[in-house]
Every structure is written in C-alpha cells, then in structure tokens.
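K.L.:
Structure incoming, see below.
All of the numbers you see were taken from the coordinates with simple rules; none came from a lab. All figures in this text were calculated on a predicted structure; none of them were measured in a lab. Neighbour counts run over all protein chains shown; Cβ positions are idealised from the backbone, glycine included.
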Amino acid sequence: MAFQYFQKNIDQDFHNLYTKASAEQWAVGDLDWSPIKDLDEDFKQGLVGMLTPLLVSERGAMQACVTMLPKVRDAEDYDSELVLQAMGLDEARHWEGLNRIFVEIDQEPKPITDFKAALGINYVIMRCGDFDQWLWCIQICDIIAGVLYNNIKSATDNPLVEQLFEGFLRDEARHHRFCNLFFGREASNFSKDQQRRYYKQGGKLVKKFENLMKIHLKDYMSMMGCDSTQAFEKVAKAVEGQAKKYGFAD
Ligand SMILES: [Fe+2]
Ligand SMILES: [Fe+2]
C-alpha cells in the first residue's frame, strides 16, 4: 500500500472537528487536585464503586483507538484517521484522570469481577471485527460515559470533581460528533442486514448496561445521591434515538 502523505479532497467537517479537538486539549495534571481530600467518606466510597468499571472502559477505549487506526488507514479513510488520533489522546487522558482519583484518595478499584455486566460490555466491544461496528459500540459507550459523568459532576460542588468531569464531558461530546459525522456519511450505504445487526447489538449493550445499573451500580450511585434508574432510562432513550437517526431501526 502506498504511503499517503497528501489528501486533496478533505472532508471539511472532519477537519473542523480535529481543529476543535486540537484547540480543546487540556491536562489532568494542570488541575488543582487539593480539593479532592474534602470529599466525604460516603461520596468517596460511591465513587470507587462507580469508577471501577469506567476505569476498565477508559483503558479499553485508549487501547482500542490504537488498534483501530490501521483499519481506517487500510480503508483509506484519512478523515477518520485524523480525528481518531485526537480521540486516542482524549481516552488516554480519561484513563489518566480516573486512575489518578484512585491514587489521590488512596483507594484501589473493586475487583472487576464484581461487575460482570461491565465485563460483558467490554467483551462485546473487543469482539468487533471492523471499524464501523466498533464505532457504533463506542458511540453507545460514549452515551453511557456521558450520562454517568454528568451524574457525578452534578452530585457535588467539589471544584476538582466538577472541573475534571466537565473536561471529560467536553471530550465525549466531540467523540459523539465524530460518530454523527461518520455514520451520517456511511450508514445509508450499509446493507439491511448490517443495519439490523447493529440495531440488535445496540439493544444487547443497553441490556447489559441495564444490569450494570440495577445489579452493580445502584447502591454506589445512591451513596453519591445519584439515581441509577433515571441514568439507565436516559441512556436507553439516547441509543434508540441514534439507531433511528442512522436508519438501523427500520
Ligand atoms: Fe473516554
Ligand atoms: Fe470517548
């Protein structure tokens, strides 16, 4: 395959998104971490439980961006390749930030085997063979992360927690935009069978998320004053809305 160093016909929307990603870069290490010691014990324990599966997911997202890069390059989708480079940096920051929370509050994550539904979600994503399928699953995970991070941010006025999760949400909003651009361009070219398969897979992930909420995270979330049922409903509605928008649900 030829070494591609010039692309004449760029997709301006993808390039604008990369510009936005470049302009919005920020560093976990630049935040003032000292207020984290002011969190009360209940909130800290809720956070440890809630962030354990997310630490695994962010680590997985960080690794998967690198795994997916050669695939978009092979498909000669250089617009996506550019955006994916920035996304990898974001996911690394998310893992770094969550990991640092555990370090700063001097706690270890719970055993991941306590969160079987979260393992199931990661397993579905790891089995994705192609970029389209992976990105669809990633969009669902971005929706999940967006709702959970928003819950955490709104549950406290601790300045460190607020700033950190606000930053994560800004990044996740860009990932969401990437998915919208990609599927806006590609989804209508998918075969009926592929569309149906993606719809089914979305339903599977939402079901696993429901279990994660009802079985594993409910108590941790209520320790932080968050409502897991409401969080689940928001995710289910958003995933269904996206599937419909892309024509997967027809
Ligand atoms: Fe992330
Ligand atoms: Fe993300």
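K.L.:
Please give the charge dipole size of the chain, origin at the Cα centre, charges +1 on K and R Cβ atoms and -1 on D and E Cβ atoms. Round to the nearest 20 debye. Please report the intermediate quantities before stating the final value.
P.N.:
Working: 30 positive and 38 negative charges, 229 e Å.
Roughly 1100 debye for the chain.
K.L.:
Set Lys and Arg Cβ to +1 and Asp and Glu Cβ to -1, take the dipole of the chain about its Cα centre, and tell me which of ILE36, GLY225, ALA64 lies farthest positive.
P.N.:
So the residue furthest toward the plus end is ALA64.
K.L.:
Here's a follow-up. Measure nothing fancy, just the Cα-based angle from helix 131-154's long axis to the longest principal axis of the chain, in degrees from 0 to 90, nearest 10.
P.N.:
30
K.L.:
Label ASP227 and ALA27 with points 7 Å out from Cα along Cα→Cβ: what is the distance between them in nm?
P.N.:
Going from the ASP227 label point to the ALA27 one covers 4.1 nm.
K.L.:
Cross-link partners among lysines for LYS234, C-alpha distance below 24 Å, same-chain residues fewer than 8 apart left out?
P.N.:
LYS116, LYS153, LYS200, LYS204, LYS207, LYS208, LYS214, LYS218, LYS244, LYS245
K.L.:
Taking the 0 to 90 degree range and rounding to the nearest ten, how far is the long axis of helix 12-23 tilted relative to the main principal axis of the chain, both from C-alpha atoms?
P.N.:
Tilt of helix 12-23: around 30 degrees.
K.L.:
On full extension of the chain, what length is gained from THR19 through LYS37, given 0.36 nm per residue of separation minus the C-alpha to C-alpha distance? Present the calculation step by step, with values, prior to reporting the outcome.
P.N.:
Values: separation 18, 0.36 × 18 = 6.48 nm, distance 3.58 nm.
My answer for the length gained is 2.9 nm.
K.L.:
Would you mind calculating the relative contact order of the chain from Cα pairs under 8 angstrom and at least 6 residues apart, reporting the percent as a whole number? Intermediate values should be presented prior to the final figure.
P.N.:
Working: 241 pairs, mean separation 68.3, N = 250.
Here the relative contact order equals 27 percent.
K.L.:
A further question follows. For q = 0.14, 0.19 Å⁻¹, what log10 I(q)/I(0) does region 132-199 give under the Debye formula with an equal point scatterer on each alpha carbon and no solvent?
P.N.:
Cα-only, vacuum Debye calculation for region 132-199: -0.51, -0.74.
K.L.:
Along the charge dipole of region 37-246, pointing to its positive end and built from +1/-1 on Cβ of Lys, Arg, Asp and Glu, which listed residue (ILE144, GLN201, GLY167) has its Cα farthest out?
P.N.:
The residue sitting farthest along the positive end of the dipole is GLN201.
K.L.:
Turning to a different aspect of this structure: At a Förster radius of 45 Å, what calculated FRET efficiency corresponds to the Cβ-Cβ distance of PHE6 and ASP106, to the nearest 0.05?
P.N.:
Numbers: r = 51 Å, r/R0 = 1.14.
E(calc), rounded to 0.05, equals 0.30.
K.L.:
So how many Å³ per residue does the convex hull of the Cα atoms of the chain work out to? Please list the in-between numbers first.
P.N.:
On the way: hull volume 31.3 nm³, N = 250.
Convex hull of Cα atoms, per residue: 125 Å³.
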